[in-house]
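Structure, as structure tokens:
The values are calculated or read from the model by the stated rules, or taken from the named source; none is laboratory data. Note that the structure is a prediction, hence the values are computed from the model and not measured. Neighbour counts run over all protein chains shown; Cβ positions are idealised from the backbone, glycine included. Calculation scope for accessible area: heavy atoms of the full protein, side chains included, ligands and nucleic acids excluded. Shrake-Rupley method; radii C 1.70, N 1.55, O 1.52, S 1.80 Å.
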Amino acid sequence: MSTTETKPRRALKIVLPVLIIAIGIAVFILLTHLKKEPPRQQPRTQGVLVEISPLAAVDHQVIVYASGTVSPARQISLTTQVAGRISQVSPKLVAGGLVSAGEALFEIETADYQLAVEQARAEVAQAEVALAKEQEQARIAREEWTRIDLPDKGQPGPLVTREIQLKQQQAILAAAEAQLKKAQLNLERTTVRAPFNGRVREEAIGLGQYVTPGASLGVLAGTDVAEITIPLATAEAAWLAKSSTDTIKADIYQAENSRNHWTGTLVRSLGEIDPTSRTATLILGVSDPYNLSQRKNVPVLPHGQFVAVEIQGPTLENVVVIPRQALQDGNQIRLVGEGNKLRLQQVEILRREQDQLIVRNDRLDGQQLILTSLTGAAEGTLLRIAGTGPRP
């Protein structure tokens, strides 16, 4: 009996798993046929991500960039016109000292020159007396000639009337007066004064030193105006020649510290081209470089300072300014065209200024300039503007 019960159980164990698997397959097939297929969608094309900058037509003032060194507009050697021993020296007559126009710098002993003035005065007095005597003698001579009664005495000669002697005494008096003026002038010259406002660059003088005319006793540089000598390429100098204003202004910056700022004007051109460097030389003028008038927030501009200069040239009307990196080979720029597609456009460069280009406004106003570098991108490439998300 046990044998009979064992066979059905074994058959059940074999048939039941097969049945379960068959039912599962049938259910899966049924569910597969009942499921709806989702609609197919075409993948969206993102486009090349780019950064842009809007273009606008403007009136742009040309800026000519240059550099140069500050130097005094006037500089002289301090000398004396008379000889003598130094009796007094101004405490300002030292290297770096600031002096005003007309201020006494040093004095020479005056005793000898005062004596010369007194002697010249005495000589003038003697000449005046001699002239007065001669005038009286000439009067007497004319009277005596008048009293002489001769049938044909004619006109008296200059020796008879003493006109020659009178002219001689007048000449002697004039020479004595000139000598007096010279002595007085030499006495004035014993005090040497500053001819203009200046700064003492060098001094070689001391109390008790004997000096002679023409010897250099120091160097005085003017402080009213400083000059900046600027070499410029001839093409850059030509832009300044196009300016419609008589006064061309310039902004001046300290090369090591751009916060220090001064203003100047174009004074003159040397009017020649350097044969070696092929550059023109311009001169800028800066008033009161040492700020002796004590203007607020204006630093001192010392002589010898190296500075960067921005000279204001003419104004170009209706132009577009673009960054240099936006220019492609063949003077082309990349624009966002219709449908956000890449468009190439040729531009005419009017001027190059440091990191920017000034180009003619050839229907560029309102366009969107691509700033991103697109290596190998062809015209018509789909673009995606940065910050706007994907576009269809």
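Can you tell me what the convex hull of the Cα atoms of the stretch 274-338 projects to on average, as an area in nm²?
If you wrap the Cα atoms of the stretch 274-338 in a convex hull and average its projections, you get 10.2 nm².
Taking 28 Å as the cut-off for C-alpha to C-alpha distance, list the pairs among Lys249/Lys296; Lys92/Lys249; Lys242/Lys296 that go past it.
As for pairs spanning more than 28 Å Cα to Cα, those are Lys92/Lys249; Lys242/Lys296.
With the other protein chains left in place, how much accessible area per residue, in square angstrom, belongs to the chain at a 1.4 angstrom probe? Kindly include the intermediate steps, with their values, before the conclusion.
On the way: 24870 Å² over 392 residues.
Per residue, the chain has 63 Å² of solvent-accessible surface.
Enumerate the amide H contacts of Leu350 below 5 Å, restricted to partners 5 or more residues apart or on another chain; note that Pro and chain-start residues carry no placed amide H.
It is Ile358, Val359, Arg360, by chain and number.
Just to compare against my own numbers: the Cα pair-distance distribution for the chain, 10 Å bins, whole % per bin, please.
Result returned by the calculation: 4, 12, 12, 11, 10, 9, 8, 7, 6, 5, 4, 3, 2, 2, 1, 1, 1, 1, 0, 0, 0, 0.
At 1.4 Å probe size, with no ligands or nucleic acids counted, give the accessible surface of Tyr113 in Å², nearest ten.
40 Å²
What is the set of long-range amide H partners of Ile108 at a cut-off below 5 Å, with H atoms built 1.01 Å from backbone N?
It is Ser87, Thr191, Val192, by chain and number.
Please provide three numbers in whole Å: the alpha-carbon extents of the stretch 93-132 along the principal axes, with the largest listed first.
57, 19, 8 Å, listed from the longest principal axis down.
Under the Kirkwood approximation for Rh and a Cα-based Rg, what ratio Rg/Rh is obtained for the stretch 298-392? Please list the in-between numbers first.
Numbers: Rg = 18.6 Å, Rh = 16.1 Å.
A ratio of 1.16.
Normalising by the residue count of the chain, find the relative contact order in percent from Cα pairs under 8 Å and 6+ residues apart.
27 percent
With a cap of 13 neighbouring Cβ atoms within 10 Å, and only residues DSSP puts in a loop, list the trypsin sites (Lys or Arg not before Pro) found in the stretch 215-285. Show your work: numbers first, answer last.
Details: sites: Lys242, Lys249, Arg259, Arg268, Arg278; in loops: Lys242, Arg278.
Here the trypsin sites (Lys or Arg not before Pro) that fit, given the DSSP loop and packing criteria, are Lys242, Arg278.
Collect residues whose amide H, placed 1.01 Å from N in the peptide plane, falls under 5 Å from the amide H of Leu316; neighbours closer than 5 in sequence don't count.
Correct list: His60, Gln61, Val62.
Using a simple charge model, +1 on the beta-carbon of Lys and Arg, -1 on the beta-carbon of Asp and Glu, nothing else, what dipole does the chain show about its Cα centre, in debye to the nearest 20?
On the way: 42 positive and 41 negative charges, 741 e Å.
Once rounded to the nearest 20, the dipole reads 3560 debye.
Could you give me the ³J(HN,Hα) list for the stretch 262-271, computed from phi with Karplus coefficients 6.51, -1.76, 1.60 and θ = phi - 60°, whole Hz, x at Gly and Pro?
My calculation for the stretch 262-271 gives 9, 10, x, 9, 6, 8, 6, 10, 5, x Hz in order.
Given the options Thr375, Leu220, Gln137, identify the residue whose Cα lies farthest towards the positive end of the charge dipole of the chain (+1 on Cβ of Lys, Arg; -1 on Cβ of Asp, Glu).
Farthest along the dipole direction, towards plus: Thr375.
Please list, in order along the stretch 101-108, the HN-Hα scalar couplings obtained from phi with the Karplus expression 6.51 cos²θ - 1.76 cosθ + 1.60 (θ = phi - 60°), rounded to whole Hz, x for Gly and Pro.
4, x, 6, 5, 9, 7, 10, 9
Could you tell me what fraction of 2.2 N^0.38 Å the Cα radius of gyration of the stretch 158-197 comes to, as a two-decimal ratio? Write down the numbers at each step before the final one.
Values: Rg = 18.0 Å, N = 40, 2.2 N^0.38 = 8.9 Å.
Here the Cα radius of gyration is 2.02 times the empirical estimate.
Using the Kirkwood radius over Cα pairs, work out the Stokes-Einstein diffusion coefficient for the stretch 165-223 at 10 °C and 1.306 mPa s, in µm²/s as a whole number.
On the way: Rh = 14.8 Å.
The Stokes-Einstein estimate is 107 µm²/s.
Take the solvent-accessible surface of the protein heavy atoms, probe 1.4 Å, and return the percent of it on the chain that carbon and sulfur atoms account for.
On the way: 12970 of 24870 Å².
That share works out to 52 percent.
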